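First the structure, in the form of structure tokens, and then the observations on it.
Computed from the coordinates by the stated procedures, all read-outs in this text should not be read as laboratory data. Just so we're clear, the structure is a prediction, and the values are computed from it rather than from any experiment. In this analysis, Cβ positions are derived from the backbone assuming ideal geometry, glycine residues included, and neighbour counts consider all displayed protein chains.
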Amino acid sequence: MKPTMRKFAPTILIIGVFVFWELFCLLAGISELVLPRPTRILAAFFEYAPAIMPHAWQTLYTTLVGFSFGVMIGLSLGVLIGSSKLAYDTAYPLLVGISSIPKVAVVPILVLWFGAGTVPAILTAMIICIFPIVVNVSTGIATVEPELEDVMRSLKAKRWEMLWNVGLPRSMPYFFASLKVAITLSFVGSVIAETVASNKGVGNMMLIASSSFNVPLVFAGLMILAVMGITLYAIFSVVERRMVGWALRKQ
Amino acid sequence: MSMARFVELENVGVTFGQGPEQTEALQPTSLTVERGDFLAFVGPSGCGKSTILKLVSELLRPTTGNIFFGGRELGAKPVRVGMAFQSASLLPWMSVRDNVMLPLKIVPPFKSGFRSKKNGEYRDRADALLAQVGLEDFADKSPWQLSGGMMQRANLCRALIHDPDILLLDEPFGALDQFTREELWQTLQDLWIDRKSTVMLVTHDLREAAYLANRICVMSPRPGRIIDDRQVSFARPRPIDLTFDPDFVTLVQDLRGLIVHAPNVKKVDAT
Ligand SMILES: Nc1ncnc2c1ncn2[C@@H]1O[C@H](COP(=O)(O)OP(=O)(O)OP(=O)(O)O)[C@@H](O)[C@H]1O
Ligand SMILES: [Mg+2]
């Protein structure tokens, strides 16, 4: 494939999918109540934009707040667990256990504790994104080459010097890679919580729209979620390339 | 060259693990290394060569016996060690120069002045060392832009930048092709002649040991012990053609015979 072709291939695929979708609905005569056409969804989005935007901001806000807390906690836990074999062995089973609980199941408990609304959504967004960050950061730190560790130890490097000069920088590519996954997961978390227990946010809006059979609006909600998700993913990809380009250029 | 006893191993033995899982890696061994000497360890795989280097660098504590450094017990006073392994393990997020300067950031007394001197004195020091091994044009490059041989040159610089009391090299050229390896022998010899560092080199390559070392210790199969300890007195600087000299070839053949026919203590016990 030619380089220019390669660059535009993803865009062409996305457009292709939408065109196919549009044509398929038109030709097969699929009801709007089942699967609206992309053009209808777009129209619905503009039609309801004033109603959608506050919900979108709410979802973005809860996601970002939850995500920020998640990153702080995930990074600290990852550093702690990755830099000590004992902590790694002790805490890992518990983390795996917690992470395997479906997060939807946690929302009712959070509602019980904090009431319906923004707080459970933030907490769900936070909890759901901690695990991948912890796993990635701790792996990055724990897998420092034994030779390098011996070189550092023979220099009588203290633990924190080892961590600061080798472990942390080395785990950064893992960290930034996990951020891309974590931000999308955070969206999943906040939307789930909004759907189950909130009167605000895109999740809640979609729930109400679907109960009144406003299917184009439901899909318009999906669309805004996709757009926000992709935008944040793209932002973190750029940040990743800026911060840890050395890891990508290495052959 | 002063003949002071520099490193002394006194009946030092190492056993890994406990109970039935126990493996004796090193039989009680005594060894004295003089300041400024260049010592090479050769022997079959698993005989405890790396173990000896780890003992001297305090990465490992002996199970039995004592180690002395400059007359004092190891650990009493910090010993400055430079280490290099087969894999160069340079940090990919730093330039070659910053990699070389890494020990200055960690080892006293250099570390206290690191912030203020890293763009001045320390930088010049790293550049001078890099120039000595022929890497002057690569100081600003990233490690992944270097060939394997160049990485090992940088690795040697990193092991030497902080003027170590002792340089410990564990098969540093093991992964290089023959020509590159011989080039690096010469580089290492030049560095040693220039600095008169005390060097302990572990290698599988008997020619490498014979070319570089002043003294060669041959070890038996595991559990290792020193079965032969000999001086190598070819004049310095040794040209690479020395490796075709009949005396050199005889020495290498002798060493080979010692390793191939070394008594295996475990087998003797079993019969
Ligand atoms: N951490 C460890 N735990 C248990 N056994 C070990 C450990 N490290 C080394 N050994 C054993 O001690 C013996 C000596 O190991 P060492 O690494 O010193 O060998 P070596 O002479 O350097 O071998 P090679 O030439 O293959 O590098 C080996 O038989 C090895 O199995
Ligand atoms: Mg070894």
Study note, to complete from the structure: Per GNM of chain A with C-alpha springs under 10 angstrom, the most fluctuating residue out of A:GLU32, A:GLU161, A:GLU194 is A:GLU161
Revision key, fill the gap. Summing -39500 (n - 2.57) over every DSSP H run of at least 4 residues in chain A and dividing by its residue count gives a helix-only mean residue ellipticity at 222 nm, to the nearest 500 deg cm²/dmol, of -28500 deg cm²/dmol
Review point. Using 1/(1 + (r/R0)^6) with R0 = 60 angstrom and r between the beta carbons of B:ASP124 and A:ILE101, what's the FRET efficiency to the nearest 0.05?
Key: 0.55
Practice item. Taking the Cβ of each residue in A:SER211, B:SER95 as the centre, tally the other Cβ atoms inside 10 Å and list the residues starting with the fewest. Key: A:SER211, B:SER95
Revision key, fill the gap. Once normalised by the length of chain B, the mean sequence separation of its alpha carbon contacts under 8 Å that are 6 or more apart gives a contact order in percent of 25
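How much net charge surrounds B:PHE173 when only the other residues with a Cβ under 13 Å from the Cβ of B:PHE173 are counted, with Lys and Arg +1 and Asp and Glu -1? Walk me through the numbers before you get to the answer.
Working: positive: B:ARG153, B:ARG181, B:ARG207; negative: B:ASP170, B:GLU171, B:ASP177, B:GLU182, B:GLU183, B:ASP205, B:GLU208.
Combined, the nearby Lys, Arg, Asp and Glu give -4.
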Check your understanding: Excluding same-chain residues fewer than 8 positions from A:LYS2, which lysines have a Cα within less than 26 Å of its Cα?
Key -> A:LYS250
Check your understanding: Once the Cα atoms of helix A:202-211 and of chain A are each reduced to a long axis, what angle between those two axes, in degrees from 0 to 90 to the nearest 10, is obtained?
Key -> 30
Review point. Rounded to the nearest 500 deg cm²/dmol, what is the calculated helix-only ellipticity per residue at 222 nm for chain B, with -39500 (n - 2.57) per DSSP H run of length n ≥ 4?
Key: -10500 deg cm²/dmol
Review point. Pairing the Cα long axis of helix B:246-260 with the longest principal axis of chain B, what angle in degrees results, from 0 to 90 and rounded to the nearest 10?
Key: 60
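Using +1 on the beta carbon of Lys and Arg, -1 on that of Asp and Glu, and nothing else charged, what's the dipole of the protein assembly as shown about the Cα centre, debye to 20? Walk me through the numbers on the way to the answer.
Working: 50 positive and 44 negative charges, 226 e Å.
That gives a dipole near 1080 debye.
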Practice item. Just need the Rg to Rh number for region A:164-244, please, alpha carbons only, Kirkwood Rh. Key: 1.18
Check your understanding: Where nothing but the Cβ of Lys and Arg (+1) and of Asp and Glu (-1) is charged, how large is the charge dipole of region B:88-214 around its Cα centre, in debye to the nearest 20?
Key -> 620
Review point. In whole Å, how far is the Cα centre of region B:131-190 from that of region B:16-34?
Key: 31
Practice item. Please give the FRET efficiency for A:ALA49 paired with A:ALA226, using the beta carbon to beta carbon distance and R0 = 22 Å, rounded to the nearest 0.05. Key: 0.85
Exercise for review: Divide the volume of the convex hull of the Cα atoms of region A:37-249 by its number of residues and quote the answer in cubic angstrom per residue.
Suggested key: 134
Exercise for review: Give me B:ARG236, A:ARG170, B:ARG230 ranked fewest to most by other Cβ atoms within 10 Å of their Cβ, as a rough exposure proxy.
Suggested key: B:ARG236, B:ARG230, A:ARG170
Point to revise | Listed residues A:THR143, A:THR11, A:THR59, most fluctuating in chain A (Gaussian network, C-alpha, under 10 Å) | key: A:THR11
Check your understanding: Build a GNM of chain B with springs between Cα atoms under 10 Å: which of B:ILE67, B:ILE259, B:ILE106 gets the top mean-square fluctuation?
Key -> B:ILE106
**Study point:** Hull shadow area, averaged, chain B [alpha-carbon convex hull, nm²]
**Key:** 15.8
Check your understanding: Going by how many other beta carbons lie within 10 Å of each one, how would you line up B:LYS117, A:LYS2, A:LYS7, fewest first?
Key -> A:LYS2, A:LYS7, B:LYS117
Exercise for review: Would you mind listing how long the protein assembly as shown runs along its three principal axes, going by Cα atoms, in whole Å with the largest first?
Suggested key: 95, 55, 55
Point to revise | Kirkwood Rh and Cα Rg combined as Rg/Rh, region B:87-164 | key: 0.94
**Study point:** On Cα atoms only, tilt of B:178-195 relative to the major axis of chain B in degrees
**Key:** 80
Revision key, fill the gap. Over all Cα pairs of region B:1-80, the Kirkwood radius sets Rh, and Rg/Rh then becomes 0.99
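Only Cα pairs under 8 Å and at least 6 apart count here; give the relative contact order of region A:37-249 as a rounded whole percent.
Relative contact order, region A:37-249: 31 percent.
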Check your understanding: Of all trypsin sites (Lys or Arg not before Pro) in region B:140-227, which ones are in loop regions per DSSP and have a Cβ with at most 14 other Cβ atoms within 10 Å?
Key -> B:LYS196
Exercise for review: Show which lysines lie in cross-link reach of A:LYS85 when reach means a straight Cα distance below 22 angstrom and same-chain residues fewer than eight apart are skipped.
Suggested key: A:LYS156, A:LYS158, B:LYS54
Review point. Dipole of region B:19-155, Cα-centred, from +1 at each Lys and Arg C-beta and -1 at each Asp and Glu C-beta, to the nearest 20 debye?
Key: 460
Exercise for review: Take the alpha carbon atoms of region A:88-140, find their center, do the same for region A:5-81, and report the distance between the two centers in whole angstrom.
Suggested key: 24
Study note, to complete from the structure: Rounded to whole angstrom, the alpha-carbon centroid of region A:198-251 lies from that of region B:219-264 at a distance of 68
